[in-house]
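Shown next, in structure tokens, is the structure this report addresses.
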């Protein structure tokens, strides 16, 4: 029985049940309890503290009561056997690294009411294939989903204001990235579209380069063994040329789209009676032949 209030927990604990009056799982309370399999939380629990269940590598599932309002940083980090988690609607913020390196986490259920996903909250959740982001979400932190290699689909809503730096980088299976309505959230769409294009560029570069070119952050390296061998240099050079072409292509394509959006917004700002119905009438596009010429050239 866990009663909180400074209680010392043995590191070899296998099963634990919370007393009815517990309101907080204290910081580091169950950290490094590698054999912990079963946790029964009580109704009335409000907070899960810093690194409360970090490195509980045998924990496969846990049910959070609807009274929980806060999941602090690294609360479930490195719970490598955790397969599913249901985040109650009472939680507005998921702390930094809260579920980082939960490599077997396949199902994450988020509910309306959630506003912020903290930095690195789901980084290296390598088994996560999809996630339904609620319409109340306003911020996705830096590197929130980085290295989620199996993540295939992300749908963003009009409430979203910020996508953090490298939030979806190295999501190499990401195929569908759905944006908010451009007619209602023009400013946000510009920010979101820019980040999404950058994500796609990095993932496409990863797909092109294979094993011959190594990327560290934003820099590319050719491994020394390949260069010394000499036999693969032609292929390496071809890959680098292809990467450079992709970068040029996306830079020009993105610049063209942003230019169109800027012109559209300028006309809307000048219009006194712009409504959702007639917004399309103010749209300006770069002429089709110009776009075709650019794409053919590249």
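For a Förster distance of 41 Å, can you work out the FRET efficiency between the beta-carbons of residue 32 and residue 136, rounded to the nearest 0.05?
0.75
Dividing the convex hull volume of the alpha carbon atoms of region 124-178 by its residue count, what do you get in Å³ per residue?
Taking only Cα atoms, region 124-178 has a hull volume of 62 Å³ per residue.
If the label point is 7 Å along Cα→Cβ of residue 109, which residues in region 129-149 have backbone nitrogen under 14 Å from it?
132
For residue 159 and residue 268, calculate 0.36 nm times their separation in residues minus their Cα-Cα distance, and state this gained length in nm to one decimal.
Between residue 159 and residue 268, full extension yields an extra 37.2 nm.
Just rank 14, 25, 9, fewest to most, by other beta-carbon atoms within 10 angstrom.
Fewest-to-most Cβ neighbours within 10 Å comes out as 14, 9, 25.
Over region 1-59, what is the relative contact order in percent, taking alpha-carbon pairs closer than 8 angstrom and at least six residues apart?
Once divided by the residue count of region 1-59, the mean separation gives 37 percent.
Give me the distance in nm between label points sitting 7 Å out from Cα along the Cα-to-Cβ direction at residue 126 and residue 63, one decimal.
Label-label distance for residue 126 and residue 63, simple model: 3.1 nm.
Mind giving me the FRET efficiency for residue 70 and residue 11? R0 is 22 Å, r the Cβ-Cβ distance, nearest 0.05 is fine.
For R0 = 22 Å, the calculated efficiency reads 0.30.
Which order do the peptides 97-103, 60-66 take when ranked by the mean count of other beta-carbon atoms within 10 Å per residue, highest first?
Listed from highest to lowest mean packing, they are 97-103, 60-66.
Considering only C-alpha atoms, what is the centroid distance from region 111-175 to region 9-28, in Å?
Spelled out, the Cα-based centre of one part sits 30 Å from the other.
Using the Cα gyration tensor of region 83-178, with a ≥ b ≥ c the square roots of its eigenvalues, what is the shape: rounded (a/c below 1.5), prolate (a/b larger than b/c) or oblate (neither)?
The shape class here is rounded.
Would you mind classifying region 1-59 by shape? Square roots of the alpha carbon gyration tensor eigenvalues, ordered a ≥ b ≥ c; an a/c under 1.5 is rounded, otherwise it is prolate if a/b is larger than b/c and oblate if not.
prolate
Fewest Cβ neighbours within 10 Å first, please rank 71, 50 accordingly.
50, 71
Values quoted throughout were computed directly from the atomic coordinates according to the rules given, and no laboratory measurement underlies them. Computed from a predicted structure; not experimentally measured. Every residue, glycine among them, receives a Cβ derived from its backbone with ideal geometry; neighbour counts consider all protein chains shown.
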